[in-house]
Amino acid sequence: MMDSTLAIAYLGALVLLLVGVIWLVIRQILKARSLENVISDLQPKLQKEKGSPDEYYQLGSVYLRKKLYAQAIALFIKAIKEGGENNPEVYNALGFSYFSQEQYDLSIKNYKEAIALQSGYVTAINNLGHAYEKKKLLPQAIEMYEQVVKLDEKNENAKRRLNSLRKQVITTG
């Protein structure tokens, strides 16, 4: 009796685990298909004709998610040139693309542009802090993370980075 109950419990747990894995796999497939649909819809169109800033941004964002940074950068620059120069999200995405290629000066320039367009843009401020941190500009990084925490008190990432940097400054200072 005890052995069969234990076997049923193990079997139930195994089935639940299997269902969870299947759900995750299906979710990933649907995400990938969604990204591929954006590429198959927009890429041929933008090769034939001039697109809108939003279309260049959408396609660039897909390339960014796929870690195709050079293609993403080219599309974000086109989005800006085609009238997206007032869109802080484009500059933030462009900054992130440069950051991902370890081009920190260019990423900083674009994060600053995004923040200039939208002063309380928490994501761009946080990204700017991270770029400063990578360049070993710790006082500037601390200042950015402090701004993030002021604007978003629940931002655990900024709090963690801020505490870590403050400890580094104390031990090296």
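The values are calculated or read from the model by the stated rules, or taken from the named source; none is laboratory data. Because the structure is a prediction, the values reported are computed rather than measured. Positions of Cβ are backbone-derived with ideal geometry, glycine not excepted, and every protein chain shown enters the neighbour counts.
From L14, L64, which residue is part of a helix (DSSP H, G or I), closer than 24 Å to Q101 by Cβ and at pLDDT 80 or above?
L64
Name the residue, out of K112, K134, that is more than 23 Å from K67 (Cβ to Cβ), at pLDDT 95 or above and within 17 Å of the chain's Cα centre (by Cα).
K112
If a residue must be surrounded by 11 or more Cβ atoms within 10 Å (Cβ to Cβ) and more than 20 Å from the chain's Cα centre (by Cα), how many such residues does the range 41-69 contain?
Going through the range 41-69 one residue at a time, the tally reaches 7.
Please go through the range 89-108 and give me each residue that is buried (at least 16 other Cβ atoms within 10 Å of the Cβ) and more than 14 Å from the chain's Cα centre (by Cα), ordered by number.
Q103, Y104, L106, I108
From the list Y132, Y57, Y145, which residue is of a type in the set (F, W, Y), part of a helix (DSSP H, G or I) and over 24 Å from L165 (Cβ atoms)?
Answer to the selection: Y57.
Looking at this structure, is E102 on the phi > 0 side of the Ramachandran plot and at pLDDT 95 or above?
It is true that E102 is on the phi > 0 side of the Ramachandran plot and at pLDDT 95 or above.
When G95 is evaluated against the numbered criteria (1) assigned to a helix (DSSP H, G or I); (2) farther than 28 Å from K67 by Cβ, which criterion, by number, is the only one it fails?
So the condition that G95 fails would be (2).
Given the criteria under 19 Å from the mean Cα position of the chain (by Cα) and not β-branched (V, I, T), does A72 qualify?
So A72 fits the description; yes.
Restricting to the range 67-92, what's the tally of residues that are part of a helix (DSSP H, G or I) and among the acidic types (D, E)?
2
For the range 122-155, which positions are within 24 Å of E102 (Cα to Cα) and among the acidic types (D, E)?
If the condition is that a residue be within 24 Å of E102 (Cα to Cα) and among the acidic types (D, E), then E133, E143, E146 are the ones that fit.
For the range 51-69, check the following and say yes or no: at least one residue is out of contact with any helix residue (DSSP H, G or I) (no Cβ under 7 Å at 6 or more places or on another chain) and among the aliphatic types (A, V, I, L, M).
yes
Let's see how each residue does on (1) touching a residue at least 12 places away in the same chain (Cβ under 8 Å); (2) among the β-branched types (V, I, T); (3) more than 17 Å from N92 (Cα to Cα):
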| site | (1), (2), (3) |
| --- | --- |
| V25 | no, yes, yes |
| Q28 | no, no, yes |
| L42 | yes, no, yes |
| Q47 | no, no, yes |
| L59 | yes, no, no |
| Y63 | yes, no, no |
| F76 | yes, no, no |
| I80 | yes, yes, no |
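Output the residue which, of all residues in the range 19-59 that are of a type in the set (S, T, N, Q) and in contact with a Leu (Cβ under 9 Å, 6 or more places away or on another chain), is nearest to I77 (Cα to Cα).
Here the answer is Q58.
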